[in-house]
Amino acid sequence: MSKLHPRKLKTSKNCISGKVQELPPSGIRKFFDLIASMEGVISLGVGEPDYTTPWHIREAAIYALEKGYTMYTSNSGLPELRQALSGYLISHDGLSYNPTDEILITVGVSEGLDLVMRAILEPGDEVIMPDPCYVAYPASVYLADGIPVRVPTNEENAFKIKAEDIEKLITDRTRAILIGYPANPTGAVIPKEELKQLAELVQEHDLLVISDEVYGQLVYGVEHTCFATLPGMKERTILLNGFSKAYAMTGWRIGYAAAQTDIIKAMNKIHQYTMLCAPIMSQMAAIEALKGAGKEVQEMVRDYDQRRRVMVKGFRDIGLSCFEPKGAFYAFPSIKVTGMTSEEFSEKLLFEEKVAVVPGTAFGQCGEGYIRCCYATSLPEIEEALKRMGKFIKRNRPG
Amino acid sequence: MKQENTMQIFEALEKDARLTHAQLSAMTGIPEAEVEKTVKKAEKDRVILKYKTAIDWAKLGEEQVWALVEVKVAPQRDVGFDSIAERIYKFPQAHSVYLASGTYDVAILVSGKTMQEVAVFVSEKLAPLDTVQSTVTHFILKRYKEDGEILGGGEGLKRLPITP
């Protein structure tokens with residue numbers, strides 16, 4: 001036994017690798033235990049729909065189980081699902097990916113993100129990403145021995161990552177740009193024209209783009225542009241997407257990656273040793289989702305849109321400046337008027353008014369002065385939360 | 001776009017009739033005055049028929065018996081089924097009345113305090129009507145879902161308070 005563990009397990013700490021010790025825990029989960037022990041908390045701290053998966057999708061998975069679909073699938077995923085995805089990408093985005101070797105079924109976008117970083121990065125390679133951004137972005141790069149390089153974005157520029165800001169940070173170690181629009185935590189969407197500038201930069205500096213488009217279907221009054229559709233970008237883009245957000249399937253852990261053969265093959269190589277395959281029942285459910293959940297998705301988008309309007313207006317009415325999110329299901333209001341840091345604000349708000357939000361700093365330094373509030377929450381709850389926050393702001397506004 | 005937004009007002013009201021004009025305005029982005037105008041007009045035009053509350057009476061311990069009554073009717077010259085339907089729907093016991101295709105003609109949802117009350121209505125009021133040829137009464141044993149609402153609360157939300 002001791003031969004298998006060359007490091008002596010004297011304390012629990014020194015059996016953990018330095019790399020993992022260095023890795024900070026996700027800022028989102030900071031208050032988790034606290035909230036779990038409190039009563040009457042309204043949580044705007046979630047990152048998932050408040051819908052259960054549409055029944056016909058669940059029913060398809062139940063049927064699959066009844067029929068005995070309980071085994072492994074091929075590493076890259078059920079051929080029917082890859083075929084369906086290939087069809088979806090053609091009809092939805094005009095993108096043609098070969099289902100045989102250009103699509104990989106992953107355990108959520110999370111796994112796809114991890115795989116792609118491990119597949120493309122040499123130690124010390126740099127990956128440029130926006131600040132603030134989803135918590136797993138810098139972590140996935142770090143775990144793959146890469147270096148996350150953050151591009152500051154701000155409210156004045158609608159939290160969009162700008163080509164000119166990226167260019168300043170490009171070095172000879174820059175390997176890729178990682179973007180996720182519509183964005184968690186800001187709700188920002190980048191219009192096609194601006195994405196084109198990004199594409200030119202990528203071409204010019206011979207980079208790859210990892211595009212997490214899991215919120216792609218959740219846009220309000222604007223169009224989402226799939227990055228791979230831009231001129232010359234299909235070969236350079238690793239498209240990551242999944243079923244969690246649009247189809248309310250977070251617990252199924254099912255997503256996919258689409259990219260050129262070499263990259264998909266490399267990702268699959270890691271996937272076959274680590275994950276083997278995504279759960280078969282989730283894959284069966286995903287096939288059903290692609291077949292016919294358009295109406296449900298549309299209805300959910302409409303409901304999110306209504307709640308988005310209520311939340312943004314609500315924040316403005318209680319005196320918080322709030323950038324208008326155009327996608328995903330988060331609002332990212334500024335709490336600078338209170339003079340508090342994001343963490344102070346979030347903690348105090350939780351204790352005094354029992355409303356849980358996520359401090360913007362969980363998503364990067366540029367999130368300081370902001371909080372993330374999820375509007376995938378029932379309207380009465382949003383209204384009650386706004387009422388409580390209004391009282392809180394009134395009390396805590398200096399002057 | 002505008003048409004679509006107006007529809008949102010009705011869809012929202014159908015789910016929750018208590019929404020105020022201010023709330024509807026915040027939800028749809030339509031100015032409050034315009035929401036009010038739209039709703040008032042819909043009330044006047046009987047697009048909005050009424051504002052009601054769905055109540056699970058069984059939870060209050062209130063007995064209420066429901067029956068689905070299939071009625072075979074001889075259609076009448078010139079008026080078809082409309083005249084008999086009108087005779088039927090005027091009875092307060094007839095909660096809903098539909099003309100149906102298939103093996104019978106008119107479907108009636110009848111409610112009463114007791115089975116006896118429903119039976120008396122069917123045998124003494126409905127069946128003797130001139131054009132009614134036969135009736136079949138199905139008593140409702142349990143109500144699972146009504147007007148899109150699952151009675152007993154459905155499955156509830158099982159999400160954690162803080163997730164990525």
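Since every read-out is calculated from the coordinates, none of them should be taken as a lab result. It should be emphasised that the depicted structure is a prediction, and the values quoted were computed from it without experimental measurement. Using ideal geometry, Cβ is built from the backbone for each residue, glycine included, and neighbour counts are taken over all protein chains shown.
Quickly run through region A:324-353 and pick out the residues that are closer than 25 Å to A:A248 by Cα and touching a helix residue (DSSP H, G or I) at 6+ places or on another chain (Cβ under 8 Å).
A:E324, A:P325, A:F329, A:A331, A:F332, A:P333
Go through region B:115-149 residue by residue and tally those that are surrounded by fewer than 11 Cβ atoms within 10 Å (Cβ to Cβ) and aliphatic (A, V, I, L, M).
1
State all residues of region A:25-43 that are facing another protein chain (nearest Cβ under 10 Å) and either assigned to a loop (DSSP other than H, G, I, E, B) or touching a Ser or Thr at 6+ places or on another chain (Cβ under 8 Å) (or both); if no residue qualifies, say none.
Residues satisfying the conditions are A:S26, A:I28, A:K30, A:F31, A:I35, A:M38, A:V41, A:I42, A:S43.
Does region B:113-135 contain at least one residue that is part of a loop (DSSP other than H, G, I, E, B) and among the polar types (S, T, N, Q)?
If we filter region B:113-135 for residues that are part of a loop (DSSP other than H, G, I, E, B), which is where we start, we get B:113-114, B:127-131.
Right, trim to among the polar types (S, T, N, Q) and you get B:114, B:131.
Yes: one or more hits.
Going by the conditions given, is A:A144 within 14 Å of chain B (Cβ to nearest Cβ) and among the aliphatic types (A, V, I, L, M)?
Spelling it out, it is not the case that A:A144 is within 14 Å of chain B (Cβ to nearest Cβ) and among the aliphatic types (A, V, I, L, M).
Could you count how many residues in region A:105-144 are closer than 27 Å to A:W252 by Cβ and among the acidic types (D, E)?
Of the residues in that region, 2 qualify.
Among the residues of region A:351-393, which ones are among the charged types (D, E, K, R), more than 14 Å from chain B (Cβ to nearest Cβ) and free of Cβ contacts under 8 Å to residues at least 60 places away in the same chain?
A:E352, A:E353, A:E368, A:K391
Please go through region A:340-360 and give me each residue that is part of a loop (DSSP other than H, G, I, E, B) and either of a type in the set (S, T, N, Q) or surrounded by fewer than 20 Cβ atoms within 10 Å (Cβ to Cβ) (or both), ordered by number.
A:M340, A:T341, A:K354
Which residues, counting only those in region A:57-87, are surrounded by fewer than 17 Cβ atoms within 10 Å (Cβ to Cβ) and not in a loop (DSSP other than H, G, I, E, B)?
A:R58, A:E59, A:I62, A:Y63, A:L65, A:E66, A:P79, A:E80, A:Q83, A:G87
Specify which of the listed residues (A:L239, A:L201) is surrounded by 24 or more Cβ atoms within 10 Å (Cβ to Cβ) and outside any loop (DSSP other than H, G, I, E, B). Spell out the reasoning first.
Numbers: A:L201 fails: surrounded by 24 or more Cβ atoms within 10 Å (Cβ to Cβ).
Only one candidate qualifies: A:L239.
If a residue must be more than 18 Å from A:F363 (Cα to Cα), in a helix (DSSP H, G or I) and away from every other protein chain (no Cβ under 13 Å), how many such residues does region A:301-339 contain? Steps first, answer last, please.
The first filter runs over region A:301-339 and keeps only residues more than 18 Å from A:F363 (Cα to Cα), leaving A:301-321, A:324, A:326, A:337-339.
Now drop any that are not in a helix (DSSP H, G or I), which leaves A:301-317, A:337-338.
Now narrow it down to the ones that are away from every other protein chain (no Cβ under 13 Å): A:337-338.
Residues flagged as more than 18 Å from A:F363 (Cα to Cα), in a helix (DSSP H, G or I) and away from every other protein chain (no Cβ under 13 Å) within region A:301-339 amount to 2.
Examine region A:49-56 for a residue that is within 14 Å of chain B (Cβ to nearest Cβ), over 21 Å from A:P279 (Cα atoms) and touching a Lys or Arg at 6+ places or on another chain (Cβ under 6 Å), and state whether such a residue exists.
No, region A:49-56 contains no residue that is within 14 Å of chain B (Cβ to nearest Cβ), over 21 Å from A:P279 (Cα atoms) and touching a Lys or Arg at 6+ places or on another chain (Cβ under 6 Å).
Restricting region A:257-270 to residues that are touching a helix residue (DSSP H, G or I) at 6+ places or on another chain (Cβ under 6 Å) and surrounded by 24 or more Cβ atoms within 10 Å (Cβ to Cβ), which is farthest from the other protein chains (Cβ to nearest Cβ)?
Across region A:257-270, the extreme among qualifying residues is A:M267.
Under 6 Å between Cβ atoms, at least 6 apart or on separate chains: pull out the pairs that start in region B:130-142 with a residue that is under 21 Å from B:W66 (Cα atoms) and end on any residue that is of a type in the set (A, V, I, L, M) and assigned to a strand (DSSP E or B).
Listed by first residue and then by second, the contacts come to B:V132/B:V71; B:V132/B:V73; B:T135/B:V69; B:T135/B:V71; B:T137/B:A67; B:T137/B:V69; B:H138/B:L68; B:F139/B:A67.
This table checks each residue for (1) more than 21 Å from B:I108 (Cα to Cα); (2) among the hydrophobic types (A, V, I, L, M, F, W, C).
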position: B:M27; (1), (2): yes, yes
position: B:E36; (1), (2): yes, no
position: B:K40; (1), (2): yes, no
position: B:K50; (1), (2): no, no
position: B:W57; (1), (2): no, yes
position: B:V65; (1), (2): no, yes
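For region B:35-63, what are the residues that are without any contact (Cβ under 8 Å) to a residue 40 or more places away in the chain and in contact with a Ser or Thr (Cβ under 8 Å, 6 or more places away or on another chain)?
B:V35, B:T38
If you go through region A:115-159 one residue at a time, how many are under 30 Å from A:Q272 (Cβ atoms) and of a type outside the set (A, V, I, L, M, F, W, C)?
The total comes to 14.
Among B:G112, B:G156, which is the only one that is out of contact with any Lys or Arg (no Cβ under 6 Å at 6 or more places or on another chain) and exposed (fewer than 11 other Cβ atoms within 10 Å of the Cβ)?
Working: B:G112 fails: exposed (fewer than 11 other Cβ atoms within 10 Å of the Cβ).
Criteria check complete, one pass: B:G156.
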